[in-house]
Amino acid sequence: MSMPAAIRKKGWSRKQKRLAVIAGLAMVVALAATLVLVALRDQIVFFYSPSDVIARDVAPGHPIRLGGMVKDGTWTRNGQDNTFTVTDGGHDIVAHYTGILPDLFREGQGVVAEGSMTPEGGFIATNVLAKHDENYIPKEVVEALKAQGEWRPEGGQ
């Protein structure tokens, strides 16, 4: 039993109200997602290469992750003070780190360093992560395989 249109109060029907609420919620969610993406646009990238850092003109003191290869012949160590050059083939950035480096850290190997740029154009690292390829095997496993005579470097050759 429905009321005639003339008797019904003028206004929105339940269906129209429901659609308006859904449309309003969708707009709020879209606005929130936009604000989050704008706020995180510089942090979404896992790391910046030296070329990216130079192209973006990163401000000194701004925390970033610098990634690339450790340039051969550039790593020097004095106690726990380490200096090395991170390169991407196009540009180089000299990085300084005080602390114990990961076991996988070596020249010619990939590295990601967390820290900030200095006003002189260097990089002060607060944390260093050595990258490895998909063929990584822990040192202990390699030693055990060598002891058993089963070690086959480079994918079993």
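Remarks
- Residue list for the range 71-98, restricted to those being closer than 14 Å to residue 109 by Cα, at pLDDT 90 or above and not in a loop (DSSP other than H, G, I, E, B): 84, 85, 86
- Single residue of the range 99-117 satisfying the filter (over 20 Å from the mean Cα position of the chain (by Cα) and on the phi < 0 side of the Ramachandran plot) that is modelled with the highest pLDDT: 100
- Out of 58, 29, one residue alone is under 18 Å from the mean Cα position of the chain (by Cα) and free of Cβ contacts under 8 Å to residues at least 60 places away in the same chain. It is 58.
- Condition met for residue 59 (open to solvent by less than 70 Å² (accessible area, probe 1.4 Å), within 23 Å of residue 41 (Cα to Cα) and in contact with a strand residue (DSSP E or B) (Cβ under 7 Å, 6 or more places away or on another chain)): no
- A count restricted to the range 122-157 and to residues that are at pLDDT 85 or above, of a type outside the set (A, V, I, L, M, F, W, C) and more than 15 Å from residue 68 (Cβ to Cβ) stands at 2.
The values are calculated or read from the model by the stated rules, or taken from the named source; none is laboratory data. Source: prediction; values computed, not measured. Neighbour counts are summed over all protein chains in view; Cβ atoms, including those assigned to glycine, are modelled from backbone coordinates with ideal geometry. SASA here: full protein model, heavy atoms, side chains in, ligands and nucleic acids out. Shrake-Rupley method; radii C 1.70, N 1.55, O 1.52, S 1.80 Å.
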